[in-house]
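Reading through the structure tokens given below for one structure.
What follows is calculated from the coordinates using simple rules that are stated; it is not laboratory data. None of the values given here were measured: they were computed from a predicted structure. Heads up, the Cβs are rebuilt from the backbone with ideal geometry, glycines too, and the neighbour counts pull from every protein chain shown.
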Amino acid sequence: MSEPGSIIDATDALSSVPAAGSRRCAPQTGRIRWYFGPMDCGKSTLALQIDHNQARQGRHGLVLVRHDRSGRPQISSRIGISRQATEVADDADLRQLVRSRWASGQRVDYLVVDEAQFLSTEQVEQLAELADDAQVDVYCFGIATDFRSRMFPGARRLFELADELHPVQVEVLCWCGLQGRFNARVSGGRVLREGDTVMVADTDFADEVRYQVLCRRHFRTGELAAEPVSPAQLSFS
Ligand SMILES: [Zn+2]
């Protein structure tokens with residue numbers, strides 16, 4: 001028989017709730033927020049707005065972009081606002097990029113990354129490291145799935161690692177009126193199912209290949225508009 005004072009509650013060790021003391025010294029980390037939606041849904045505009053709001057609070061940020069539609073290192077939204085940005089190369093180490101800013105005496109409190117679906121999985125992991133170890137807040141904006149409705153590798157890693165997921169849906173509708181969810185690659189009136197994953201719109205191919213936002217059903221069936229009434233149905237013969 002042991003004395004009452006020496007009794008140890010064995011279930012303490014199994015408790016998933018940490019004691020108040022250890023909660024108080026929980027480390028601070030930055031947060032990764034992933035804003036995703038189809039093209040034309042206003043992601044770039046939102047990215048610029050968030051950068052503006054952060055800067056107004058006296059925070060210092062770095063705006064990064066991959067393959068912006070303007071072809072220049074800036075974020076340009078389709079409603080005409082733009083901002084200088086740093087283009088991220090395929091093999092760029094984002095930790096190194098931030099460290100070089102620190103080395104030149106600049107603070108980096110947050111990162112805004114547009115077209116983040118084009119980041120490599122390694123680059124998304126570098127963002128997680130910056131958030132966890134350097135308390136950098138990360139705001140990523142992009143498209144979840146490619147023209148085949150398959151997830152971009154960078155987008156997939158963001159879904160896996162982000163602290164917050166934010167679907168962005170600003171009145172992008174399929175022609176039928178349902179919510180537009182998929183970016184179909186269209187050429188010659190047909191939905192293309194094969195091809196390179198990365199082909200940025202507004203290029204020389206724009207005449208032949210374009211993107212159209214469709215609901216899931218019409219992405220699946222490949223119908224690009226309401227069936228036109230055939231001439232035969234209109235004739236009396
Ligand atoms: Zn539809």
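Odds and ends about this structure:
- Under 5 Å, built H, 5+ apart or other chain: amide partners of VAL213: ALA184
- For GLY180, distant residues with modelled amide H under 5 Å away: VAL172, LEU173, CYS174
- In this structure, the amide hydrogen of THR86, modeled 1.01 Å from its nitrogen in the peptide plane, lies closer than 5 angstrom to those of VAL63, LEU64, VAL65, counting only residues at least 5 positions away or on a different chain.
- HN-Hα J in Hz across segment 157-165 - Karplus 6.51, -1.76, 1.60, θ = phi - 60°, x for Gly and Pro: 5, 5, 4, 6, 10, 5, 7, 9, 10
- Packing-based ranking of 97-109, 124-136, 40-52 yields 40-52, 124-136, 97-109, ordered from highest to lowest mean Cβ neighbour count within 10 Å.
- Anisotropy class of segment 91-152 from Cα gyration tensor, a/c 1.5 cut: prolate
- Neighbours of ASP163 by Cβ distance under 11 Å: Lys/Arg scored +1, Asp/Glu scored -1, total -1.
- Each Lys or Arg adds one and each Asp or Glu subtracts one; over the other residues with Cβ under 13 Å from the Cβ of GLU125, this totals -3.
- Distance between the modelled labels on SER187 and LEU161, one decimal in nanometres: 3.4 nm (7 Å Cα→Cβ projection).
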